Amino acid sequence: MSHITPAELALWQRGGLAHTLIDVRRAAARQNDGTEIAGGRWQDPALWLDWKDAVLSDGLVVLYCAHGHELSQGLAEALRAMGVDARHLAGGIAAWKTSGEAVAVLAG
């Protein structure tokens with residue numbers, strides 16, 4: 001499976017199941033939106049070659065972008081090629097919000 005739905009991710013979060021959540025939105029899109037999915041960390045997609053080796057391969061990794069298109073899908077595919085169980089969030093943070101899930105305001 002190459003994606004995870006907002007409902008599935010919400011179940012994982014509420015159930016305390018181990019996963020790594022990575023926000024791969026471009027910096028400008030992230031700042032303009034002003035929110036993030038709690039529990040994640042931002043990684044600059046333009047610098048993915050610098051951080052890809054730090055992504056742990058011993059559990060589920062979920063990547064999300066604005067709408068679940070090129071950025072998160074492409075980076076999840078690249079990580080899967082490296083042996084990581086990586087999936088993109090279907091619909092991105094937009095679908096997460098539409099499904100009624102909570103977001104956190106960006107710090108700073």
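All of the numbers you see were taken from the coordinates with simple rules; none came from a lab. This structure is a prediction, so every number in the text was calculated from the model and none was measured. In this analysis, Cβ positions are derived from the backbone assuming ideal geometry, glycine residues included, and neighbour counts consider all displayed protein chains.
Observations on the structure shown:
- For V62, the amide hydrogen comes within under 5 Å of the amide hydrogens of T20, L21, I22, R87, counting only partners 5 or more places away or on other chains and with H modelled in the peptide plane.
- Look at E70, E101 and count the other Cβ atoms within 10 Å of each Cβ; fewest to most, that gives E70, E101.
- For the chain, built as a Gaussian network whose Cα springs stay under 10 Å, the top-fluctuating residue of A94, A54, A86: A54
- Max mean-square fluctuation residue, GNM over the chain, Cα-Cα springs under 10 Å, options L49, L11, L21: L49
- Cα convex hull of the chain - mean projected area over all directions, nm²: 6.3 nm²
- Choice from R30, R87, R14 with maximal GNM fluctuation in the chain (Cα, 10 Å cutoff): R14
- Which of L56, A28, V105, positive extreme of dipole for the chain (C-beta unit charges): V105
- Antiparallel DSSP beta bridges within the chain, as percent of all bridges there, nearest 5: 15 percent
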